[in-house]
Amino acid sequence: MTIGEPIPSGSAGRSGSRFFEADIAGFSERTQVMLIDHHMGEEDSPVEAVVSPTRTCVGVVLATGFGLAAAIIGQGEIVDDEVGMLRPPIEDPLTFIERTRLAGRQGDFALQCERFMRQFPHLSGWPPDRCVLRG
């Protein structure tokens, strides 16, 4: 399915939805993605992408990246109500990226994700885990 096409309505006849999972090769983190088409058939009907990450630094960065990509491609906005990385919130995805971009590359991908999350002191070290440890 191409994101952007109308999603058939559910049994109640109101909004349609699709569910996906996104992951990163080599990691156990998953991001659940739900696309919701609220106003089928109307001009400029909004399709909302809701992302729910694994509660680790890698998982939250994966979800944030997916949300930003969906907002940019869909010419929409990023709504960070749950985590609240930026204060005040910034809805423009390109401005969000500009304000949160890390300087330099230090360490592997998981360490970069942790560095990204630690730039927000008001999160008080949340999420506490860098990534899901494999047993």
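Counting other Cβ atoms within 10 Å, which trypsin sites (Lys or Arg not before Pro) in segment 51-135 have at most 10 and lie in a DSSP loop?
Filter output for segment 51-135: 101, 105, 134.
Please label the shape of segment 49-95 as rounded, prolate or oblate, based on the square roots a ≥ b ≥ c of the eigenvalues of the alpha-carbon gyration tensor (a/c under 1.5 means rounded; beyond that, a/b larger than b/c means prolate, else oblate).
It is oblate, given that a/c is not under 1.5 and a/b is not larger than b/c.
When only the heavy atoms of the protein chains count and the probe is 1.4 Å, how do 113, 131 rank by accessible area, highest first?
131, 113
Could you pull the accessible area for residue 19 with a 1.4 Å probe, rounded to 10 Å²?
150 Å²
Quick one: net charge of residue 113's neighbours, Cβ under 15 Å, K/R +1, D/E -1?
Taking every other residue near residue 113 into account, the sum is +2.
Starting from 0.36 nm per residue, how many nanometres of slack lie between residue 133 and residue 83 once their C-alpha separation is accounted for?
Going from the current span to full extension adds 15.8 nm.
With all protein chains present and a 1.4 Å probe, how do 47, 79, 61 order by accessible area, largest first?
These residues rank, largest area first, as 79, 47, 61.
Enter the accessible area of residue 97 (Å², nearest 10), with the probe set to 1.4 Å and all protein chains included.
About 50 Å², ignoring ligands and nucleic acids.
Put +1 on the Cβ of every Lys and Arg and -1 on every Asp and Glu Cβ in segment 25-135; which of 97, 113, 31 then has its Cα farthest towards the positive end of the dipole?
113
Using protein chains only and a probe of 1.4 angstrom, how many square angstrom of residue 108 are accessible, to the nearest 10?
Accessible surface of residue 108 is approximately 90 Å².
The values are calculated or read from the model by the stated rules, or taken from the named source; none is laboratory data. As the structure is a prediction and not an experimental result, all values here were calculated from the model. Cβ coordinates were reconstructed from backbone atoms using ideal geometry, including for glycine residues, and neighbour counts include every protein chain displayed. Each accessible area value is taken on the protein alone, full model and side chains, heavy atoms only, with ligands, DNA and RNA left out. Shrake-Rupley method; radii C 1.70, N 1.55, O 1.52, S 1.80 Å.
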